[in-house]
Amino acid sequence: APLTIAASIEKGGSGDERVRVNSSRMVVVSNSLFVQDNALTQDQQALDFISGSINWLMSREQMIGIAPKVPKTLTFSLDQTALRNLRWIVLVLMPLVPALIGSAVWWKRRA
């Protein structure tokens, strides 16, 4: 994967919020491969960088952010033996272990 390096610069303007002076802004990116169609549809980071850069260039800092990740659906298949073992673990073993520990503590405190 190519290494993409970018820089941004702002010239002019004022640091004082009471004074409204426009500034000149520029973003320079060393590699243009991240703006190709296939990169934009497959790489959320490239899309976030482009939209953040455009919003910064337009002085819309409140719009700069990272989009939430789209959850991917993960599936796995279990054979009948593994499914039966999982049922026993979840329905019997997991509730039984704390019950046994609680009973042992109760029995020890009672004695």
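Values quoted throughout were computed directly from the atomic coordinates according to the rules given, and no laboratory measurement underlies them. Small disclaimer: the values here were computed from a predicted structure and weren't measured. Ideal geometry is used to build each Cβ from the backbone, glycine not excepted, and the neighbour counts take in all protein chains shown.
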222 nm [θ] for the chain, helices only, -39500 (n - 2.57) per DSSP H run of 4+, per residue, to 500? -12500 deg cm²/dmol
Length gain on complete extension for the stretch ASP37 to SER59, per 0.36 nm per residue less the alpha carbon to alpha carbon distance? 5.3 nm
What does the charge dipole of the chain about its Cα centre add up to, to the nearest 20 debye, if the Cβ of each Lys and Arg holds +1 and the Cβ of each Asp and Glu holds -1? 880 debye
Read-out semi-axes √(5λ) of the Cα gyration tensor in Å, derived from the coordinates shown; its label in (i) 57, 25, 11; (ii) 24, 18, 12; (iii) 38, 20, 11: (i)
For peptides 77-88, 49-60, sequence by mean Cβ density within 10 Å, most packed first: 49-60, 77-88
Find the relative contact order for the chain and round it to a whole percent, using C-alpha pairs within less than 8 Å whose residues are 6+ positions apart. 14 percent
